[in-house]
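Take a look at the structure below.
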Amino acid sequence: MKNRKMIARVMAGLLAVLMIGGVCMQLFSIIASAAAYQPTNAAIDSMKYTNGDSVSNLKDGKIVDVEISYTHVNSPFDNTSGTGDIGKSFTTSDTTLINKMLGSSFRAVNSFSGSTSLSITVDSMDGTSAYMLVSLKHVKYQRAKRLLLEGVTTDNTAITIGSITNYEFSINPEIPEDAFRGSSGGGGGSTDSDDGDETFTSDIVIESVFARDKNGAIIREVTKDTAPFTLDIVYTDRGFRAEHEDEFSDDTLFAYITDAGDFIPQGTNRGTLKRTASSDGDPPRFRVSFDNLKYAGATANFAKLDFRVQYLVYGENVSGTGSARLYSVESDGDGTESETAPPTPYIIINQYDLGAEQIEAGNTFTLSLNFANTSSDLALENIMMVVNPVSTEQQQSFLSIASATNTYYYNSLPAGGALSQNVDILVKASATVGSQAISVDFKYEYLVDKKRESGTTSTTIYIPITQIDRFTVDPITDFSEWMQVGEEGYVTVSFVNRGKSPTYNVTGYLLDSEGNQGQTEHFGNLEAGANGTLDFTLMPEMPGDYEGNIIVRYEDENGEDKEVPISFTAFVEEPWYPDPTDPGMIDPGMMEPEEPSTPWWKYLLFAAGGLAIAVPIALYLAKRVMAKGREEMDEDF
């Protein structure tokens, strides 16, 4: 009975151990499947422009479609035929999520020709290896040599593919060199010129001009008594081709009145310029709107307004001018243009200087303005200029006026004359990389036929802001200082981003003895204030001093490639083998232990004890022998 209880307890213990081991293995499998996977064979299979042409002369701002493949060894996916994860996908059009996964190499954009999308598909499986396909549609290139794509798992955005609800991975395939070369010519459909250095000249062709009231209804006839209205001008810019339409975004389009002509602006001279849909194959089409205008009257059968537009295309500022005629007006004359009334004067900023191409965050710079009176006939009086940083719902301003005031007064400005003014502006240390806007607004008066008129103009200046690069690599302290030939060692490189903006695509290269690139370790993006490490394996081949050199490369917020070299020195010994004939090399643990010796006093005690027993016995036997001898002697006699 007792043995049975003992056996039952042993069996229960073994069962518990097996159950705990199974749970641990399951947890390990879950953790391993959730860990970010970094395959080594990720490759870009194809890269096309959104119109289907092959990519050539790839440069900043180009919009492309990208197809990528990679192998996930020991993947977490189920390869069961029919019911497993083969053919399952993750698809999203969330630009915020896609930009988070893309880092700084490409960006998601939405434009007239389409919107960005991302899909990740389990194409096939071979055992536990999954062959993955990634499709990126409508992404904008941003001056990178490699495409970084990292799966993310947060509380709100987990990547789910089939049975896997938290799939993480990181791929960094190199962009094919052919994408950066010019087209080979011979009737191809490339969107770029052969020299890869395309320039643009605006050529505005006006299609229609009409006036709208405050409710958006078209005004059939505009008179002097018509309430302030909006003038809409629809035009095509034939200086661009149809494939350029994706390069125009509303936040980089600007329009200004250069000569109001027969109209009187009731506020700013700035208009709103937006892209509008055009027919397939046609050049880009635009609509510019100037709000809050009054009709001054015209002797001709039309009212005239001159304007200027500005685009930002592939990082280049392109300007164009146009002259619009509104025919739905009440004429004051006989159908001929009158030149007796002088054109409306404006104040324009004809030149400004920042003192540098880019302004570093945390610095104060001087904005030097030069502004002029556009009229050659009318002098301006009672002029007030106000300079203000511009904040919007989409973008916070990181600029502040460092001068004593942001408001400046000028008594007069002669016809055709110019004035200048310096304004000190502080860029906050927390400013993000990009452009920050400054508005310069003018109010002034002038006399026309002894009647005092007032006018206003407004100009926006964009200040390019950059962050100080504070990415640093620490001196190497964690490495194998002593090694033997053929023995594996290690070295760990630590780095930190002390700046205010992320550092992108951090990668380390271990150089061999001849300075060639050897082992490569990729870290990825490093957020502001974060730190990280890169671990390398060392395998010395020669004894003596081992001079190690490591290059850490990264991209700053401006997309500029940078590198930091760092070195260390270790000592390498010849391999050591013990001499079996050297007695000093015999392991004491291999010798048989000696029996411990018995103390002398124990032998003495043993002898005394033996004598104490032997003496009485000997005496007793002696007495017996003597007594027997006497008896025999008595018998003889």
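The values are calculated or read from the model by the stated rules, or taken from the named source; none is laboratory data. As the structure is a prediction and not an experimental result, all values here were calculated from the model. Every residue, glycine as well, gets a Cβ built from its backbone with ideal geometry; the counts of neighbours run over all protein chains shown. Side chains included, ligands, DNA and RNA excluded: accessible areas come from the protein's heavy atoms. Shrake-Rupley method; radii C 1.70, N 1.55, O 1.52, S 1.80 Å.
Ordering of 445-456, 85-96 by packing is 85-96, 445-456, highest average first (other Cβ atoms within 10 Å, averaged per residue). The H on the amide N of GLY518, modeled in the peptide plane, is under 5 Å from the matching H of LEU510, LEU511, ASP512, each at least 5 residues off or on a different chain.
Accessible surface comparison of THR472, THR116, probe 1.4 Å, protein chains only, largest first: the order is THR472, THR116.
Extending 7 Å from Cα along the Cβ direction at THR472 and again at ALA418 yields two label points whose distance is 4.6 nm. As a calculated quantity, the FRET efficiency between ASP561 and MET384 at R0 = 45 Å, using C-beta atoms, amounts to about 0.45. Accessible surface for ARG241 stands near 100 Å², nearest 10, in the context of the full protein assembly shown (1.4 Å probe).
Could you give the length gained on full extension between SER328 and LYS224, defined as 0.36 nm per residue of separation minus the Cα-Cα distance, in nm?
Working: separation 104, 0.36 × 104 = 37.44 nm, distance 1.24 nm.
Result: 36.2 nm gained on full extension.
Which FRET efficiency, nearest 0.05, do THR252 and SER115 yield, Cβ-Cβ r, R0 25 Å? The pair THR252/SER115 has a calculated efficiency of 0.85. For ILE206, the solvent-accessible surface computed with a 1.4 Å probe is close to 60 Å², ligands and nucleic acids excluded. With each label modelled as a point 7 angstrom along the Cα→C-beta vector, the VAL496-GLU207 pair spans 5.8 nm. Going by accessible surface with a 1.4 Å probe and the largest first, THR128, THR492, THR50 read THR128, THR50, THR492.
Note on ASN363 and GLU487: the extension gain reaches 39.4 nm, defined as 0.36 nm multiplied by sequence separation minus the Cα-Cα distance. Derived scalar couplings between HN and Hα for region 200-215 equal 10, 10, 5, 9, 7, 10, 6, 9, 7, 9, 8, 10, 10, 7, 5, 8 Hz in order, rounded to whole Hz, by the Karplus curve 6.51 cos²θ - 1.76 cosθ + 1.60 (θ = phi - 60°), x for Gly and Pro.
Using a 1.4 angstrom probe with every protein chain in place, what is the largest-first accessible-area order of ILE218, ILE68?
ILE218, ILE68
Given the Cα-Cα distance of ASN99 and THR83 and 0.36 nm per residue of separation, how much length would full extension add, in nm?
Length gained, ASN99 through THR83: 2.5 nm.
Counting only heavy atoms of the protein chains and using a 1.4 Å probe, ILE171 has close to 0 Å² of accessible surface. Calculated FRET efficiency, GLU445 to ASN370, Cβ-Cβ distance, R0 = 22 Å: about 0.55 to the nearest 0.05. In this simple spin-label approximation, ALA242 and SER279 carry label points 7 Å from Cα along the Cα→Cβ vector, and these lie 1.0 nm apart.
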